[in-house]
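Every number in this text was worked out from the coordinates using simple rules, so none of it is lab data. Because the structure is a prediction, the values reported are computed rather than measured. A quick note on method: Cβ atoms are made from the backbone with ideal geometry, for glycine too, and the neighbour counts reach across all protein chains shown.
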Amino acid sequence: MTRILVIDDEESIRNTLQEILEYEKYTVDMAAEGAEAMEQLKKNQYNVILCDIKMPNMDGIEVLERAIRIQPTAPVIMISGHGNIDTAVDAIKKGAYDFIEKPLDLNRLLITIKNALDKSTLVEKTKELQQKVSKTYEIIGQSPAIEQVKQMIERVGPTDARVLITGENGTGKELVAHQLHEMSQRAAGAFVEVNCAAIPSELIESELFGHEKGAFTSANKQRKGKFEQANGGTLFLDEIGDMSLSAQSKVLRALQENKISRVGGDKDIDVNVRIIAATNKNMQEEIKNNYFREDLYHRISVILIHVPPLRQRTEDIPELARHFIKQICEEYKIKPLEIADDAIKELQDLPWTGNIREFRNVIERLIILSNNAILGKDVKSFAHPLSTTQKQ
């Protein structure tokens, strides 16, 4: 149900708007002045607010400022018979969605309300999506090792410092990168990920910096690279230790000058990105063996965050197990299974060479193959991917 609050000291205007809006199937509440409107805002949630500017005691601009504090997601449309450009600009600067002059053009008013509702719906959907994303990249655990990682994220996230995340495959380096982005001033910008290990060395430069039409045989049109796509946001260079030396030199220039040039182009393009990189390699060894540039390493490793392997944080396994059981059962639309204490103990005794990635796969397998609850004997039988075929 769409609910609209009309705030106007002229009774005839209030009654006219109520009649029109109720005909359009909106629920309408009315207030004759600012104080009454404040009471309504505290009691009810509104989808749109219509507010006159010239009113006794509390004018419309003051009502606008207070309304935004009480209900920040409700678009406020200002209406006035004494409108001028300065007043309209002032209202928009202070957070109004739009400004309409009296006498009201009813078609314009209804279109403005519809657009405001569309915007409000989009904002709500965006918030829901952000919450889902936050849950997807939530870091689970209370162990000292993982708490240290969380504390580093909290301290470093709000800065623009470049971060190098190290750790074995499957430990959750990508989660750390997402958390750093979400806590930064760039959270509203793009988070662009590049898996340097998955892109052939001859294509990595085009992937990162883009290319001009005709730069090479299959370059049928101009293409923006990941640096440009991440402009104003965060560029996550996953498995940067696998990047070619040629691409490394260009990345170094981009970080030094905040400029890039597309493959096949001679024009410099300004870029403003925060670099977060990750690797499972020993970077000192890579530098020693001339596989990685030392100057680039120092550029990307202003802050180092090491993500511990699961075998070093086994006290987190009970929480991780219940988290993944809930998550996976929701995906399968089934009731979450209970997990017995002996099953937890069996899970804690496993080596987990694949870390969190392997652990989640095992939990999913146990959910599918166990009966009403996950027991210790189920872990013994099904934790290893070959165990089901070995028993046949």
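Over the range 137-308, what is the relative contact order in percent, taking alpha-carbon pairs closer than 8 angstrom and at least six residues apart? Can you show the working numbers first?
Values: 322 pairs, mean separation 55.2, N = 172.
Relative CO of the range 137-308 lands at 32 percent.
Could you state the angle between the C-alpha long axis of helix 11-23 and the longest principal axis of the C-alpha atoms of the chain, as a value from 0 to 90 degrees rounded to the nearest 10?
Roughly 50 degrees between the two axes.
Across the range 137-308, how large is the tail of the calculated P(r) beyond 19 Å, expressed as a percent of all Cα pairs? Intermediate values should be presented prior to the final figure.
Details: 8157 of 14706 pairs.
Distances greater than 19 Å cover 55 percent of the Cα pairs.
Which residue, T27, A116, I100, has the largest displacement toward the positive end of the dipole of the range 3-132 when charges sit on each Cβ (Lys, Arg +1; Asp, Glu -1)?
Of the options given, the answer is A116.
Helix-only mean residue ellipticity at 222 nm, the chain, DSSP H runs n ≥ 4 weighted -39,500 (n - 2.57), per residue, nearest 500. What is it? Walk me through the numbers on the way to the answer.
Values: 17 runs with 186 residues, N = 392.
Helices in the chain give a 222 nm mean residue ellipticity of -14500 deg cm²/dmol.
Given H placed 1.01 Å from N in the peptide plane, which residues other than close sequence neighbours of N272 have an amide H under 5 Å from its amide H?
G232
For a quick check, take a GNM of the chain with Cα springs below 10 Å and name the residue from E212, E22, E319 with the largest mean-square fluctuation.
Answer for the Gaussian network model of the chain: E22.
Which shape class, rounded, prolate or oblate, goes with the range 311-390 when its Cα gyration tensor gives a ≥ b ≥ c as root eigenvalues, a/c under 1.5 marks rounded, and past that a/b bigger than b/c marks prolate? If you can, show how the numbers build up before the last one.
Numbers: a/c = 1.41, a/b = 1.14, b/c = 1.24.
It is rounded, given that a/c, with a ≥ b ≥ c, falls under 1.5.
When the Karplus curve 6.51 cos²θ - 1.76 cosθ + 1.60 is applied with θ = phi - 60°, which whole-Hz ³J(HN,Hα) does each residue of the range 148-156 get, with x for Gly and Pro?
Along the range 148-156, the couplings run 5, 5, 4, 5, 5, 4, 4, 6, 8 Hz.
Nearest 10 degrees is fine. How inclined is helix 173-182 to the longest principal axis of the chain, computing both from alpha carbons?
That works out to roughly 20 degrees.
For L208, what is the net charge nearby, where nearby means another residue's Cβ is under 11 Å from its Cβ and Lys, Arg count +1, Asp, Glu -1?
On the way: positive: K224, K226, K250, R262; negative: E205, E207, E228.
Local net charge: +1.
What do you get for the angle between helix 60-70 and the principal long axis of the chain? Use alpha-carbon atoms, 0 to 90 degrees, nearest ten.
30
Taking amide H positions as placed in the peptide plane 1.01 Å from N, state which residues far from I100 in sequence (5 or more) or on other chains have amide H under 5 Å from it.
M78, I79, S80
Using 29 Å as the Cα-Cα cut-off, could you pick out the over-long pairs in K125/K259; K42/K150; K114/K226; K221/K281; K326/K380; K42/K114? Numbers along the way, then the final one.
Values: K125/K259 35 Å; K42/K150 37 Å; K114/K226 36 Å; K221/K281 36 Å; K326/K380 21 Å; K42/K114 24 Å.
Over 29 Å Cα-Cα: K125/K259; K42/K150; K114/K226; K221/K281.
Among the aspartates and glutamates, which fall within straight-line cross-link reach of K224, defined as a Cα-Cα distance under 18 Å, with same-chain neighbours fewer than 8 residues apart omitted?
Answer for K224, where 18 Å is the Cα cut-off: E193, E202, E205, E207, E212, D266, D268, D270, listed by chain and number.
Mind checking the dipole of the chain: about its Cα centre, +1 per Lys or Arg Cβ, -1 per Asp or Glu Cβ, Debye to the nearest 20? Numbers along the way, then the final one.
Values: 51 positive and 60 negative charges, 256 e Å.
Value, rounded to 20: 1240 debye.
Among G241, I146, L41, pick out the residue whose Cα is farthest towards the positive end of the charge dipole of the chain, where Lys and Arg carry +1 and Asp and Glu carry -1 on C-beta, about the Cα centre.
Farthest towards the positive pole: G241.
With a ≥ b ≥ c the root eigenvalues of the C-alpha gyration tensor of the range 1-149, is it rounded (a/c under 1.5), prolate (a/b larger than b/c) or oblate?
Numbers: a/c = 2.44, a/b = 2.13, b/c = 1.15.
Prolate is the answer for the range 1-149, as a/c is 1.5 or above and a/b outweighs b/c.
Residue by residue through the range 25-42, what is 3J(HN,Hα) from phi via Karplus (6.51 cos²θ - 1.76 cosθ + 1.60, θ = phi - 60°)? Round to whole Hz and write x for glycine and proline.
6, 8, 8, 10, 10, 10, 9, 8, 7, x, 4, 5, 5, 4, 4, 5, 5, 6
What shape does the range 269-325 have by the C-alpha gyration tensor, where a ≥ b ≥ c are the square roots of the eigenvalues, rounded means a/c under 1.5, and otherwise prolate means a/b greater than b/c and oblate the rest? If you can, show how the numbers build up before the last one.
Numbers: a/c = 3.77, a/b = 1.78, b/c = 2.12.
Oblate, since a/c reaches 1.5 and b/c is not below a/b.
Could you run the Karplus curve 6.51 cos²θ - 1.76 cosθ + 1.60 with θ = phi - 60° over the range 295-311 and give me ³J(HN,Hα) per residue in whole Hz, x for Gly and Pro?
Rounded to whole hertz, the list is 5, 5, 4, 5, 5, 8, 10, 4, 10, 10, 10, 9, 9, x, x, 4, 5.
Taking the Cα centre of the range 255-392 as the origin, how large is its charge dipole in debye, to the nearest 20, when only Lys and Arg (+1) and Asp and Glu (-1) carry charge on their Cβ atoms?
Dipole magnitude for the range 255-392 comes out near 280 debye.
Which value, in debye to the nearest 20, describes the size of the charge dipole of the range 3-132 about its Cα centre when Lys and Arg Cβ atoms bear +1, Asp and Glu Cβ atoms bear -1, and nothing else is charged?
Values: 17 positive and 23 negative charges, 156 e Å.
With only Lys, Arg, Asp and Glu charged at Cβ, the dipole is about 760 debye.
Which of I269, I20, I356 moves most in a GNM of the chain, Cα contacts under 10 Å?
I20
Counting only residues 5 or more places away or on other chains, whose amide H sits under 5 Å from the amide H of K94 once H atoms are built in the peptide plane?
Under 5 Å from the amide H of K94 lies no amide H from a residue far enough along the sequence or on another chain.
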